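Asks: Attaching a single structure in structure tokens format; questions to follow.
The values are calculated or read from the model by the stated rules, or taken from the named source; none is laboratory data. Everything quoted here is computed from the prediction, not taken from an experiment. Glycine gets a Cβ as well: all are built from the backbone with ideal geometry, and neighbour counts include every protein chain shown.
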Amino acid sequence: MIVLYKMIKKETFCLLWPFFLYKLLKGALFITTITFFVFFLQKGITYFEASILLGLQFSMPAFFEVITGLIADTFGRKISVLLGISIEIFILLGIILASNYFTLFVLFVLWGIAGTFTSGADDAWAIETMPGHKRKAVLDEYYSASASAFSFGMIIAGLLSTLLLTSFGQGSVWIARATIALLMFLLLLFVKENFAKSKNRDIKGVQIFTENMRESFFHFKEERQTRNIILGELFVTIALVGAGGAALQGYLLESQLPSVSWGSVYSIAALAGIGVPFLAMMVSRKFKSKKKYLITILTGHGLLLLIAGLVLNPIFAIFFIFAHNLAEDFFNPVSVAFFQQKIPSQVRATLTSLHSMSLGVGSLVGMLGGGFLTHQFGGQITIAIAPLFLIPAIIFYFRIS
């Protein structure tokens, strides 16, 4: 956090430091992701069956993201975020104790629903904390700093993963994740919210809810820029989740890189991610067009995936983890700031949730497709197929004026 303090303006840090610490802890939740498929393979569950669990979790935004976003815009972002974190804590404890696949099936559905209460609402809560006249200017800085803080958390996750796996086994990382979620809850419990409820007491919450929904879908229908970004990122998600889920861990196992070392490798990769989001914003300004910048990053990422489909050994696997994460760090903060600058404040959480809903659909398709192909053909072939889905994404970005 000291490094982060030096990277951004003092005023921004003093105003938003709880949200940066929250993002750091959110990055630390990555601890279970590093060896997720190894954990379930040890339980006798196949790549595809484990992908179904993740697919269920990722698909829930398609059904609940907009609804929970409307709840956040209507009743408060703080209530929504704290509720989502609380549910996740109990679900994580349930996963640790679960003894059959059906129980896991139900828990992952609930986990996906819990996540929709926080996604969109957490950023909306932070953004609306900024003074209105400075909000647009600070957006780039906020998302860069948030991504950097998230990378700090991923470093912690990687080191903890290696330590816990070596000493206590796979179950310990899930206990650690539940503990981190509890710390997130306690942190945000004491953070104030700048949320203005409707002054018209004659309008009931459900009417505000309906009006926000109408405005959000009207904006999506009429604003071609917003629509192209959402559709473009849908295909980006299919490609990168397909390559980064079961396929990536299958690829690492095929390369004979020991799973207990993965956490350390991810920590080194995340270390670069601390400064990359700020560098990404600087480089994107040199392009004079965020659209051109994002297209360039996606093209480079696609070439990286194609090369991984041709090379398989432990040394390249380490490089691939590093380069794959680096490409995402160059893409994500610029992309999300690009999107946020185009949507109105009053329905920000709802439109952000609509955006997250499309990512949930993409994650479902990518996870199930990636898990099935990995089970059938292996991780390396699946990774080589993923760039095909970046082609329509690039086309949608080209259509943005």
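Asks: Kindly indicate whether any position in the stretch 127-146 is touching a Pro at 6+ places or on another chain (Cβ under 8 Å), of a type in the set (Ser, Thr, Tyr), modelled with pLDDT under 85 and not in a helix (DSSP H, G or I).
Replies: The answer is no; no qualifying residue exists.
Asks: Then there is this: Working carefully through the options 367, 357, find the one that is more than 15 Å from residue 240 (Cβ to Cβ) and under 20 Å from the mean Cα position of the chain (by Cα).
Replies: 357
Asks: What's the total number of residues in the stretch 368-401 that are farther than 24 Å from residue 54 by Cα and surrounded by 23 or more Cβ atoms within 10 Å (Cβ to Cβ)?
Replies: Counting residues in the stretch 368-401 that are farther than 24 Å from residue 54 by Cα and surrounded by 23 or more Cβ atoms within 10 Å (Cβ to Cβ) gives 1.
One line per residue, one yes/no per condition, for (1) in contact with a His (Cβ under 8 Å, 6 or more places away or on another chain); (2) of a type in the set (A, V, I, L, M, F, W, C); (3) modelled with pLDDT of 90 or more:
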residue: 194; (1), (2), (3): no, no, no
residue: 210; (1), (2), (3): no, no, no
residue: 220; (1), (2), (3): no, yes, no
residue: 225; (1), (2), (3): no, no, no
residue: 230; (1), (2), (3): yes, yes, no
residue: 250; (1), (2), (3): no, no, yes
residue: 260; (1), (2), (3): no, yes, no
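Asks: What residue, of 273, 250, 300, is of a type in the set (Gly, Ala, Ser) and surrounded by fewer than 19 Cβ atoms within 10 Å (Cβ to Cβ)?
Replies: Matching residue, one of 273, 250, 300: 300.
Asks: While we're here: Which one of these is buried (at least 18 other Cβ atoms within 10 Å of the Cβ), of a type in the set (Gly, Ala, Ser) and modelled with pLDDT under 90: 114, 121, 157?
Replies: Among 114, 121, 157, only 121 is buried (at least 18 other Cβ atoms within 10 Å of the Cβ), of a type in the set (Gly, Ala, Ser) and modelled with pLDDT under 90.
Asks: Pick out, from the stretch 1-89, the helices (runs of 4 or more DSSP H) lying fully within it that include 2 or more residues that are modelled with pLDDT under 90 and surrounded by 24 or more Cβ atoms within 10 Å (Cβ to Cβ).
Replies: Fully inside the stretch 1-89 and qualifying: 47-75.
Asks: Let me ask something else about it. How about the stretch 234-275: which of its residues are among the polar types (S, T, N, Q) and not in a helix (DSSP H, G or I)?
Replies: Answer for the stretch 234-275, where residues must be among the polar types (S, T, N, Q) and not in a helix (DSSP H, G or I): 255, 256.
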